[in-house]
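Peer 1: The structure is given below, and queries will be raised subsequently.
The values are calculated or read from the model by the stated rules, or taken from the named source; none is laboratory data. These figures come from a predicted structure and were not determined experimentally. Neighbour counts run over all protein chains shown; Cβ positions are idealised from the backbone, glycine included. Just so you know, the surface numbers come from the protein's heavy atoms only, side chains and all, with ligands and any DNA or RNA stripped out. Shrake-Rupley method; radii C 1.70, N 1.55, O 1.52, S 1.80 Å.
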Amino acid sequence: VQLQASGGGTVQAGGSLRLSCTAFGLSSNYIWGWFRQAPGKERGFVAGINWDSDLQYYANSVKGRFAISRDNAKNTVYLHMNSLKPEDTALYYCAVLKNVWRWVRVSSKYNYWGQGTQVTVSS
């Protein structure tokens, strides 16, 4: 299984970015998650979405600004980031959870991880 993330970059505060992550070697019924890690900080949960897209969960810090979506036909997840703030600067990771929804926020429960894509928001 391989996850490939893309879409990171540098943007001014208030701007938008869309991250993508595609899974290779996976079949069906898995949960997608996005996490991020800023320098000197632990990796933290950003957003998660289940297979049917009827369950989504967001960290409070991004609620109302970020939106997660997925295209199962393409085995791809997206993170639409709007109204970006300097504190959103981090390395963003996509991940796959082949377990129950209740673990969506717990990074240690995820089975596969992407390589990370850098998002930098300038003030």
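Peer 1: I'd like the full set of residues that are of a type outside the set (Phe, Trp, Tyr) and either surrounded by fewer than 19 Cβ atoms within 10 Å (Cβ to Cβ) or assigned to a loop (DSSP other than H, G, I, E, B) (or both), limited to the range 21-42. Walk me through it before giving the result.
Peer 2: Of the range 21-42, the ones of a type outside the set (Phe, Trp, Tyr) are 21-23, 25-29, 31, 33, 36-42.
Listed by number, the residues that qualify are THR22, GLY25, LEU26, SER27, SER28, ASN29, GLN37, ALA38, PRO39, GLY40, LYS41, GLU42.
Peer 1: Let me confirm something: among SER107, SER122, which residue is hydroxyl-bearing (Ser, Thr, Tyr), touching a strand residue (DSSP E or B) at 6+ places or on another chain (Cβ under 8 Å) and more than 20 Å from TYR30 (Cβ to Cβ)? Before the answer, list the steps.
Peer 2: Values: SER107 fails: more than 20 Å from TYR30 (Cβ to Cβ).
Just one listed residue meets the conditions, SER122.
Peer 1: Give the range 43-58 a look and list any residue that's without any contact (Cβ under 8 Å) to a residue 24 or more places away in the chain, on the phi < 0 side of the Ramachandran plot and part of a loop (DSSP other than H, G, I, E, B), or say none.
Peer 2: Residues satisfying the conditions are TRP51, ASP52, ASP54.
Yes or no, residue by residue, for (1) farther than 19 Å from GLN115 by Cβ; (2) among the small types (Gly, Ala, Ser); (3) surrounded by 14 or more Cβ atoms within 10 Å (Cβ to Cβ); (4) modelled with pLDDT of 95 or more:
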position: ARG65; (1), (2), (3), (4): yes, no, yes, yes
position: ASP71; (1), (2), (3), (4): yes, no, no, yes
position: ASN82; (1), (2), (3), (4): yes, no, yes, yes
position: CYS94; (1), (2), (3), (4): no, no, yes, yes
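Peer 1: Give all pairs with beta carbons closer than 8 Å in which a residue from the range 1-19 that is under 17 Å from ILE68 (Cβ atoms) and open to solvent by 90 Å² or more (accessible area, probe 1.4 Å) meets a residue that is among the β-branched types (Val, Ile, Thr) and not in a strand (DSSP E or B); count only pairs at least 6 apart in sequence or on separate chains.
Peer 2: Filtered contacts from the range 1-19: no entries.
Peer 1: What tally of residues in the range 54-75 results from selecting those that are over 16 Å from TYR92 (Cα atoms) and not basic (Lys, Arg)?
Peer 2: Summing the residues that are over 16 Å from TYR92 (Cα atoms) and not basic (Lys, Arg) in the range 54-75 gives 10.
Peer 1: Name the residue that is most open to solvent (accessible area, probe 1.4 Å), counting only residues in the range 43-58 that are over 20 Å from ALA73 (Cβ atoms) and in contact with a Ser or Thr (Cβ under 9 Å, 6 or more places away or on another chain).
Peer 2: The residue in question is ARG43.
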